[in-house]
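Beneath this line is the structure, given in structure tokens, with notes to follow.
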Amino acid sequence: MGSVGGPTGPEVCWAVEQHTDVLAGRLGLDPVEFRRRTLLADGDEGPTGQAMQAVGAAECLERAAAMVGWGEQLPRGEGMGVSCGWWFSMPSPSGAYVKLNADGTAAVVTGAQENGSGAVMGLALLVADQLGIDPAEVSFVAQDTDAGPWDAGSAGSQTTFNNGRAVMAAAAQIRDRLLRLAAAELEASVTDLELADGTARVRGDPSAARSVAHLAQAAQDDGELLIAQGAPPPPPMPDNFGGSCAGRVVFPAFAAPTFFCHAARVHVDTDTGVVRVRGVAAAHDFGRVLNPVGAEGQVEGGVANGIGLALSEGTTFDGWRQSNPDLLDYKLVTAADAPPVQLAFVDAPAADGGPFGSKGVGEPPIVPTAGAVANAIAAATDTRVRQLPMTPPRVWTALQHHSSAASAALLGATNSGAGPGG
């Protein structure tokens, strides 16, 4: 067994967001309008007394609804559904070494690992920004924690949130040393200098400059290696009054929560129960997005994962033996099945977040998709499927039960009206 993105999140969101749509229907409200009235906002208090801050939930809802074309007339057999939610960032100790080589390239040495989260580029971007060099000149050396500084691993959407702060702290020390070296050579004040385009230069006078490689080589020639380490303490948890009957599983509060809304458009073949996802609109509040291309990839992958959880990815057993243990029988979403995905990022930097107010990115995109697909199925068929994954046999069975129940209700109404005095 290994780690999985957003454990328990998609299943809970799938159930809660279907329940939310049912409540909206009973109140005679459009599902989007119902959420407009109930989503978290800045200053709202959670079940353990945590005051919510930098909440982009409402804007995510509006952006997703607009992108999917909420309210448009749809062909028969099609429906739209929305699903909103949140996922926390996990404060944890983390460390990193950063070294600037004599040729002007840099390396990050850390116990944090790249496993598809995009950390290898995200951390490089942070170092490059601090040192004024091209991100392509920054390498990422992942080590186990016997050789590299401690990091808790990729769980909890925490690599950039925690190791990013460590990388920034280390790179800032080298940045300060580079500026002092340049100030001495250029006979300028440190406060008048900037690091950009691979140089240390006087602001407003690019001709007064020294390359980063020159400064690193000069330092080494004088016996100094430009190496630094960073291990800043994690931000404290938000104020709270502790556990209660709700809102606490592991943490009594949740740091820098990411908010999101996905809207899905589906087509349901009522003869077979086959569901095709026509498109997904995904709006996320990741705080400050540090690497837009990387964040887009995380969202697109998360949506595909969420569609698989919604429609096909289910473990089956024959007694105690798993009968679909490999990818021939465990049905993942392929490129042929993945629908177009529209993206929007809501800028809501967190005061207790990672670098520049960033929040976790890896797990949140997986969480709401199944709920959006489920609500879209219900909108298309007036039928709810109450088991994951919502496979064709389960959808078809739900449709038959709904049809039978509707026929029985109609027959009952007819019979009650046919009696004496009816």
From the options Phe241, Phe161, residue that is touching a Ser or Thr at 6+ places or on another chain (Cβ under 8 Å), exposed (fewer than 15 other Cβ atoms within 10 Å of the Cβ) and of a type in the set (A, V, I, L, M, F, W, C): Phe241
Any hit, segment 140-153, residues being over 27 Å from Pro292 (Cβ atoms), at pLDDT 95 or above and either surrounded by 21 or more Cβ atoms within 10 Å (Cβ to Cβ) or of a type in the set (Lys, Arg) (or both): no
Some residue of segment 70-86 being part of a helix (DSSP H, G or I), over 21 Å from the mean Cα position of the chain (by Cα), under 28 Å from Arg386 (Cβ atoms) and not assigned by TED's automatic domain parsing to the domain that holds Thr145: no
Exclusive hit being surrounded by fewer than 19 Cβ atoms within 10 Å (Cβ to Cβ) and closer than 29 Å to Asn291 by Cα, set Gly198, Gly230, Gly223: Gly198
Test for Leu23: is it assigned to a helix (DSSP H, G or I), touching a Lys or Arg at 6+ places or on another chain (Cβ under 7 Å) and of a type outside the set (Lys, Arg): no
Residue count for segment 130-146, restricted to those that are under 19 Å from Ala231 (Cα atoms) and of a type in the set (D, E, K, R): 2
Residue satisfying condition, being outside the structural domain of Ala119 (by TED's automatic domain parsing), closer than 17 Å to Ile307 by Cα and modelled with pLDDT under 95, within set Val333, Val385: Val333
Hits in segment 307-346 - residues which are part of a loop (DSSP other than H, G, I, E, B), hydrophobic (A, V, I, L, M, F, W, C) and surrounded by fewer than 11 Cβ atoms within 10 Å (Cβ to Cβ): Trp320, Leu327, Leu328, Ala335, Ala336
Selection count where residues are within 18 Å of the chain's Cα centre (by Cα) and of a type in the set (Phe, Trp, Tyr), scope segment 1-55: 1
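The values are calculated or read from the model by the stated rules, or taken from the named source; none is laboratory data. Just so it is clear, the structure is predicted and the values come from calculations on it, not from any experiment. Methodologically, a virtual Cβ is constructed for each residue, glycine included, from the backbone with ideal geometry; neighbour enumeration extends over all protein chains shown.
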